[in-house]
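Down below is the structure, laid out as structure tokens.
The values are calculated or read from the model by the stated rules, or taken from the named source; none is laboratory data. It should be emphasised that the depicted structure is a prediction, and the values quoted were computed from it without experimental measurement. All Cβ positions, glycine included, derive from the backbone under ideal geometry; neighbour counts span all protein chains shown.
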Amino acid sequence: MARFAALGDLRGNILAARLAAKTIKATGIDTLFQVGDCGLLFPDISREKMVRRLDYFMEQASARMWWIDGNHDNHPALRELPLQADGTRRLTDRLTYLPRGVVVDFDGVRVGALGGAFSVDRAWRKEGKTLWAAKEEPAEAEANLLIENVAGKRLDVLLVHEAPAGVTGLKGMDLPPEIEAQANVTRELLQRIVATLRPRVVFCGHWHLRHSAILE
């Protein structure tokens, strides 16, 4: 059975990516799941450098990285990556994007993806440069696609960016009620998906902390 590691928000941090690659190499893990806000494909001069460096780190670790989108990702660019037969989108031989709703079998481990979240910092971001508001949140249709692709079979791992609503103990920013309500739309959607599909484990990012919880 596959052995893998999960990695939180990178946001284009080359040093953090390098450390992650060294860690999985030292532990003999060859599959890395990144749970959104990776920072790849942003429209700036560091775009190609980030891809080259991350691909090189994975090569040195004899590993591959599979990532989902967060709220701070270039959603139009991700949707333009070459589509593969398994529903994934390939950036390089070692870097593959897992679109919302896709389910992939990793040596007997069934992994589903439903990325995206609401950006509570929209007011400080620029549309088309650091924000793609229309595509950042997962839609009902994408959630339904995930359910269809699971097709009543076992789902071992669910990769999401936002935390499902049932996760307690999270400590974030003190948000205005209207902003918190908008963010909770995605959290409630993910909670319904977890209740429907009952994955064995869920990995998420977005909150920038290490935290574990049991969803009843």
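The helices (runs of 4 or more DSSP H) falling completely within region 1-113 that include 3 or more residues that are basic (Lys, Arg) and farther than 17 Å from HIS161 by Cβ map to 14-27, 47-60. Candidates are the residues of region 58-83 that are of a type in the set (A, V, I, L, M) and free of Cβ contacts under 8 Å to residues at least 60 places away in the same chain; the one that is surrounded by the fewest Cβ atoms within 10 Å (Cβ to Cβ) is LEU83. Looking across region 195-216, the residues that are over 15 Å from ARG100 (Cβ atoms), aliphatic (A, V, I, L, M) and outside any strand (DSSP E or B) come down to ALA195, LEU209, ALA213, ILE214, LEU215.
For region 166-179, indicate whether the set of residues that are modelled with pLDDT of 95 or more, outside any strand (DSSP E or B) and either in contact with a Pro (Cβ under 6 Å, 6 or more places away or on another chain) or of a type in the set (D, E, K, R) (or both) is non-empty. No; the residues of region 166-179 include none that is modelled with pLDDT of 95 or more, outside any strand (DSSP E or B) and either in contact with a Pro (Cβ under 6 Å, 6 or more places away or on another chain) or of a type in the set (D, E, K, R) (or both). Against the test of being more than 20 Å from LEU159 (Cβ to Cβ) and touching a residue at least 40 places away in the same chain (Cβ under 8 Å), the options VAL35, VAL51 yield a single qualifying residue, VAL51. The residue that is surrounded by the fewest Cβ atoms within 10 Å (Cβ to Cβ), among those in region 10-41 that are among the β-branched types (Val, Ile, Thr) and more than 11 Å from the chain's Cα centre (by Cα), is THR27. If only residues of region 98-125 that are under 15 Å from the mean Cα position of the chain (by Cα) and not aliphatic (A, V, I, L, M) are counted, the one that is farthest from GLU188 (Cα to Cα) is PRO99. On the basis of being farther than 22 Å from PHE118 by Cβ, at pLDDT 95 or above and out of contact with any strand residue (DSSP E or B) (no Cβ under 8 Å at 6 or more places or on another chain), does GLU59 make the cut? It is true that GLU59 is farther than 22 Å from PHE118 by Cβ, at pLDDT 95 or above and out of contact with any strand residue (DSSP E or B) (no Cβ under 8 Å at 6 or more places or on another chain).
Taking region 136-158 as the range and being touching a helix residue (DSSP H, G or I) at 6+ places or on another chain (Cβ under 8 Å) and farther than 18 Å from ARG11 by Cβ as the test, the residues that pass are GLU137, PRO138, GLU140, ALA143, LEU146, ILE147, VAL150, LEU155, LEU158. If you take the residues of region 110-123 that are modelled with pLDDT under 95 and of a type in the set (A, V, I, L, M), which of them is farthest from ASP86 (Cα to Cα)? Out of the qualifying residues, it is ALA123.
Between a first residue in region 111-140 that is closer than 26 Å to THR31 by Cβ and a second residue that is of a type in the set (S, T, N, Q) and not in a loop (DSSP other than H, G, I, E, B), which pairs have beta carbons less than 8 Å apart while being 6 or more apart in sequence or on different chains? Between residues of region 111-140 that are closer than 26 Å to THR31 by Cβ and residues that are of a type in the set (S, T, N, Q) and not in a loop (DSSP other than H, G, I, E, B), the close pairs are GLY112/ASN149; GLY116/THR186; ALA117/THR186; PRO138/THR186.
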